[in-house]
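Here is the structure we will look at, set down as structure tokens.
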Amino acid sequence: MSNRSGGGALLSVLRLDAGDRMPLYRQLENAIRQQILTGGIPSGTRLPATRQLASDLGISRLTVKNAYEQLGSEGFLESQRGAGTFVANIAAMEQPPEVPAAASLAGKAQYDLSERSGSVAATKATTRLGGVTAFRPGVPALDRFPRKAWATAESRAIRHGDAGLLGYGKPGGLTELKQQIAIHVRDHRGVQCDPQQIVITSGAQQAFVLIALTLLEPGATVWFEDPGHIGARDAMRLLGANVMSVPVGDDGFELAEAIRDHAEADLMFVTPSHQHPLGITMSLNRRMEILEYAKQHNCWIIEDDYDSEFRYSDRALPALLALDYSGRVLYTGSLSKSMFPALRLGYLISPPELVEAFTAAQSLLSQNVSPLQQQTLARFMLDGNFNAHIRKMRSLYEQRRDLLVDSVERHLGDVFELAPCRAGMHLIVWLRVETAAEISVANSIWDAGVDCLPVSIYCDTQRLRPGIMFGFACAPENEIEEGVKKIVKALDGVTN
């Protein structure tokens, strides 16, 4: 073993910060370990004695001793009685890794990535995800959520619940919550189902993935609304499905075009109650045609009941599942819009024969939804707070919608043409100058501190006129006019 000393090299790179929350011995061992791994201190190098290094660094000898002992236990250092402490001969480290200068500066290594990793990274499903400011689409009125009632429900759940509430939870979800959801869809969507047909999921997106993972063979044909749900579409492609885009017309999903242009479907994805993002309600005739096709061709249907609770001018048609007598509809719902996104709770209503398979698939993908959250929501619904909250939000969202429509018409009527908004939580405006760059418009609005989304991110093959989505649900009434005025300034000269 060499007697080369690493004292000078070590002192030149060590940077210890007494004000850091990380203990000094941990900072020291991390620094020495990093030097060994990158070749800064070669194998066989003798390190300074603990007393000498402590003196040079102005720290306790015990601190140095603790760091040396930890690195020794990990195999990076070896102690020889009477000779000192040396960097161990690690075979894999005989040729230290070469770090390209550019990669080192960027803090990123270079890898040969799979084609799938590129597809995952390219998804638009995460576009500006996480925002809660006006006018972010898809975010409810978090400023009006009844926190006190929720806290009471949670307190009661944890005080009176058994130890199971703190465990992994029952596969598929708690019976108490399933019973409340079954009542809700019966009363509000006309759906008759046994509570045991319900699988509690961590949002609608998990339900889509469970369905694709369980029911679709590689290469299966999926007819998918275009524009449509980004996350569901991309997930199905990543799982090997052959996703075919189907345009959305005045009556909703264009079934005739799908039959004409594509191979026979194994699954259809539709949002009949409130098409996302265009807001169209699928006609009753089209619903019956889709159900008949599914029956004749043994095709599954995913019904994403998006924003079904919030209608402002007419009553919603029954859910597609309520019209299905052949067992082809898989109904998905989310509580992110009606409650709050951080709840991460949704549900899948399945034919009884598939419940076990979906529950097993959920266990493969992740653990169950928090039992405590489930029990809290069950109590919140049982006490009548859920229905009361929905009623209040429906009235509030209608008021906020009207304020936004009025303000846009007054200040931006020459720039935007408003699409009808009879339901949901967002408003679509089409640019009157159809040659305007939609993304540039959205970027200008973002730069002004106002949120929005370009309609085109939901498109797969369709080419719609340029449009912008504004979410009004999360915008407090006193911020709506101010937000629109910011947009006016942001777009000065951009859309001309």
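The values are calculated or read from the model by the stated rules, or taken from the named source; none is laboratory data. Predicted, not measured: the structure shown is a model, and the values here were computed from it. Heads up, the Cβs are rebuilt from the backbone with ideal geometry, glycines too, and the neighbour counts pull from every protein chain shown. Remember, those area values only see protein heavy atoms, side chains included, never the ligands or the DNA or RNA. Shrake-Rupley method; radii C 1.70, N 1.55, O 1.52, S 1.80 Å.
What Kirkwood radius, in Å to one decimal, follows from the Cα pairs of the range 256-355? The partial results should precede the final answer.
Values: mean 1/r = 0.0688 Å⁻¹.
After inverting the mean inverse Cα-Cα distance, the result is 14.5 Å.
Using just the Cα positions, wrap the range 374-450 in a convex hull and report its mean projected area in square nanometres, one decimal place. The partial results should precede the final answer.
Numbers: hull surface 29.3 nm².
Result: 7.3 nm².
Taking a ≥ b ≥ c as the square roots of the Cα gyration tensor eigenvalues, with a/c under 1.5 meaning rounded and otherwise prolate when a/b beats b/c, else oblate, which class fits the range 434-496?
Details: a/c = 2.66, a/b = 1.42, b/c = 1.87.
Oblate is the answer for the range 434-496, as a/c is 1.5 or above yet b/c matches or exceeds a/b.
Let me spell out the model: positive unit charges on the Cβ of Lys and Arg, negative unit charges on the Cβ of Asp and Glu, origin at the Cα centre of the range 437-482. What dipole size does that give, in debye rounded to 20?
Working: 2 positive and 8 negative charges, 79 e Å.
With only Lys, Arg, Asp and Glu charged at Cβ, the dipole is about 380 debye.
Can you compute the FRET efficiency between Leu365 and Ala163 using 1/(1 + (r/R0)^6), with r the Cβ-Cβ distance and R0 = 22 Å? Round to the nearest 0.05.
Values: r = 25 Å, r/R0 = 1.15.
It comes out at approximately 0.30.
Quick one: Karplus J couplings for the range 375-385, per residue in order, coefficients 6.51, -1.76, 1.60, θ = phi - 60°, nearest Hz, x for Gly and Pro?
5, 4, 5, 4, 5, 4, 6, 4, 7, x, 5
Where does the charge balance sit around Tyr331 when Lys and Arg score +1, Asp and Glu -1, over other residues with C-beta under 14 Å from its C-beta?
Working: positive: Lys178, Arg186, Arg189, Arg287, Arg328; negative: Asp194, Glu303, Asp304, Asp305, Asp324.
After counting each charged neighbour, the total is 0.
Using a Förster radius of 41 Å, what is the FRET efficiency between Thr461 and Glu353 based on their Cβ-Cβ separation? Nearest 0.05, please. Don't jump to the answer; show the numbers that get you there.
Values: r = 35 Å, r/R0 = 0.85.
For R0 = 41 Å, the calculated efficiency reads 0.75.
Dipole size in debye (nearest 20) for the chain around its Cα centre, Lys and Arg Cβ +1, Asp and Glu Cβ -1? Intermediate results must be reported in sequence, preceding the final value.
Working: 49 positive and 56 negative charges, 389 e Å.
Dipole about the Cα centre, nearest 20: 1860 debye.
Just to confirm a number: summing +1 for Lys and Arg and -1 for Asp and Glu over residues other than Phe253 whose beta-carbon lies under 10 angstrom from that of Phe253, what do you get? Don't skip to the end; give the middle numbers.
On the way: positive: Arg286, Arg287; negative: Glu225, Asp226, Asp251, Glu254, Glu257, Glu289.
Local net charge: -4.
Hey, what's the chain come to in accessible area per residue, 1.4 Å probe, Å²?
That works out to 48 Å² for each residue.
Consider just the alpha-carbon atoms of the chain and return their Rg together with their Dmax, both in angstrom.
Spelled out, the Cα radius of gyration and Dmax of the chain are 29.3, 91 Å.
Among Ser273, Ser395, what's the order by accessible area (1.4 angstrom probe), most exposed first? Numbers along the way, then the final one.
Details: Ser273 5, Ser395 75 Å².
My answer, sorted largest first, is Ser395, Ser273.
Using 0.36 nm per residue of separation minus the Cα-Cα distance, give me the extension gain between Gln296 and Ala342 in nm, one decimal. List each step's numbers first, then the result.
Values: separation 46, 0.36 × 46 = 16.56 nm, distance 4.03 nm.
Additional length available on full extension: 12.5 nm.
Can you tally the net charge around Leu372? Count Lys and Arg as +1, Asp and Glu as -1, for every other residue whose Cβ sits under 14 Å from the Cβ of Leu372. Display every interim value, and only then the final one.
Details: positive: Arg156, Arg159, Lys170, Arg344, Arg379; negative: Glu154, Asp162, Glu176.
My count for the surroundings of Leu372 gives +2.
Nearest 10 degrees is fine. How inclined is helix 147-160 to the longest principal axis of the chain, computing both from alpha carbons?
70 degrees
Set the Förster radius R0 to 25 Å, insert the Cβ-Cβ distance between Leu14 and Arg81 as r into 1/(1 + (r/R0)^6), and round the FRET efficiency to 0.05.
On the way: r = 26 Å, r/R0 = 1.04.
Computed FRET efficiency for Leu14 and Arg81 comes out at 0.45.
Determine the share of the chain's accessible area contributed by carbon and sulfur atoms, expressed in whole percent, with a 1.4 angstrom probe.
On the way: 11790 of 23970 Å².
Roughly 49 percent of what the probe reaches on the chain is carbon or sulfur.
What range in the chain is the longest one free of GluC sites (Glu not before Pro) that are in a loop by DSSP and have at most 16 other Cβ atoms within 10 angstrom? Present the calculation step by step, with values, prior to reporting the outcome.
Working: sites that count: Glu94, Glu98, Glu264, Glu434.
The answer is 265-433.
I'd like the trypsin sites (Lys or Arg not before Pro) in the range 107-164 restricted to DSSP loop residues with at most 11 other Cβ atoms within 10 Å, sorted by number.
Numbers: sites: Lys108, Arg116, Lys124, Arg128, Arg144, Arg147, Lys148, Arg156, Arg159; in loops: Lys108, Lys124, Arg128.
Sites meeting the loop and neighbour criteria: Lys108.
Just to be sure I understand the curve: with the Debye formula and one point per C-alpha of the range 315-473, what is log10 I(q)/I(0) at q = 0.10 Å⁻¹?
Evaluating at q = 0.10 Å⁻¹ gives log10 I(q)/I(0) of -0.57.
Please give the calculated 222 nm ellipticity per residue for the chain, where each DSSP H segment of at least 4 residues contributes -39500 (n - 2.57) and the sum is spread over every residue; nearest 500 deg cm²/dmol? Can you show the working numbers first?
Working: 17 runs with 203 residues, N = 496.
Taking each H run of at least 4 residues, the total per residue is -12500 deg cm²/dmol.
Could you state the principal axis extents of the C-alpha atoms in the range 108-196, from the largest down, to the nearest angstrom?
Per principal axis, max minus min of the Cα coordinates gives 53, 35, 34 Å.
Taking a ≥ b ≥ c as the square roots of the Cα gyration tensor eigenvalues, with a/c under 1.5 meaning rounded and otherwise prolate when a/b beats b/c, else oblate, which class fits the range 49-88? Provide the component values of the computation, followed by the final result.
On the way: a/c = 2.52, a/b = 1.51, b/c = 1.66.
Judged from the Cα gyration tensor, the range 49-88 comes out oblate (a/c at least 1.5, b/c at or above a/b).
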